[in-house]
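First comes the structure, then the notes that go with it.
The values are calculated or read from the model by the stated rules, or taken from the named source; none is laboratory data. Quick caveat: nothing in here was measured; it's all calculated off a predicted structure. A quick note on method: Cβ atoms are made from the backbone with ideal geometry, for glycine too, and the neighbour counts reach across all protein chains shown.
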Amino acid sequence: MSRAPSTTSLLCLEASARLGSFTAAGEELHLSQGAVSRQIQTLELRLDVQLFTRRRESLELTDAGRYYLDEITPLLQRLERATANVMAFKWRGGDLSLSVGASVGAYWLIPRLPAFTQAHGEITLSLSTRVGPTDFKTAIDASLEFGDGQRSGMHSDFVLPLDLAPYAAPAWIATHGKRVSDATPRASLLHHHTLPDGWDHWFRFDGLAGNPGRDGPRFEIMSMSLNAAVAGLGVVLLPTYMVADHLAAGRLKRLSRRQLRYPKGYYLVYPPAAAARPALRTFRQWLLQTADIAAQVPAADSASVHTP
């Protein structure tokens, strides 16, 4: 196997592409223009491909150069962050970059984070959100995401189940009744892309006849369907942790004492290379302990969980 290019040559590539000049790149990296140029030439010879189109006034990446830069940029970002963390925290903490599902992040994780930050001030958390599985080619250490825990090549720790019940606004209930039934208008069943088959599961679980269909409004994430239910647009299937404030304020009411445990749940997912990071190990231990404690405290409006 051939030896990987030097870090210096990769840094020269990134700076030259960003600044459009070997001279400017040299000034930023404290190298001469000639040294930067030689690093790029050596890199091109090693790869046997041209990375830049050289013009008198500027540089422009070739298609191969653009592809290569896109691939190595996350690696350079990780290298920069790892170096800063080791220097600043002596391997005791540092930055931890997390991708979190929008709804579980806003309604479950963030309200609990003050306890973590107070206990572990040496760790600086950075949170981002996205729909679907996280791409770990970006500078993300771990992801709290919805799924079945079977992502190939990744560690997956089960964190939370998804226990669902139907909720609606008092105005909707006054018109359509206190529970979802066979007579409930299908156009008032709110759907979200996280659980496109959520109502199918509920109808089978609750013994309802017929097909719930897909006539009702559809939303990308659960928090959007929550707001739609509060506005009286229909009835929605949601976990209790999302609706607690609205229940207390009387903006929503629960339409069944039963709750459905969905086949998928929330997992902490991370690549094997990140498993040794002390910051991730600390966060993982806290997260799993926090989820376990939360599971032992029954919701105020909940009956026993029924799993189909």
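Structural remarks
- Contact map, region 160-186: first residue among the β-branched types (Val, Ile, Thr), second residue not in a strand (DSSP E or B), Cβ cut-off under 8 Å, separation 6 or more or different chains; pairs are Ile173/Leu255; Val180/Trp202; Val180/Asp206; Val180/Leu208; Val180/Leu255; Val180/Ser256; Thr184/His176; Thr184/Gly177.
- Hey, Ala249 surrounded by fewer than 16 Cβ atoms within 10 Å (Cβ to Cβ) and farther than 22 Å from Val131 by Cα or not: yes
- Candidates in region 45-68 are the residues that are aliphatic (A, V, I, L, M) and part of a loop (DSSP other than H, G, I, E, B); of these, the one that is surrounded by the fewest Cβ atoms within 10 Å (Cβ to Cβ) is Val49.
- Across region 250-259, the qualifying residues are those that are modelled with pLDDT of 95 or more and not in a loop (DSSP other than H, G, I, E, B), and the one among them that is nearest to Leu164 (Cα to Cα) is Arg254.
- Condition check for Leu238: crowded, with 19+ Cβ neighbours inside 10 Å, over 12 Å from Leu164 (Cβ atoms) and either at pLDDT below 85 or among the hydrophobic types (A, V, I, L, M, F, W, C) (or both): no
- Looking across region 146-189 at every residue that is among the hydroxyl-bearing types (Ser, Thr, Tyr) and either part of a loop (DSSP other than H, G, I, E, B) or over 23 Å from Val104 (Cβ atoms) (or both), the one that is modelled with the lowest pLDDT is identified as Ser152.
- Among residues of region 21-38, those that are under 16 Å from Glu57 (Cβ atoms) and either of a type in the set (D, E, K, R) or surrounded by fewer than 16 Cβ atoms within 10 Å (Cβ to Cβ) (or both), counted: 2
- Condition met for Leu189 (within 20 Å of Ala228 (Cα to Cα) and out of contact with any Leu (no Cβ under 6 Å at 6 or more places or on another chain)): yes
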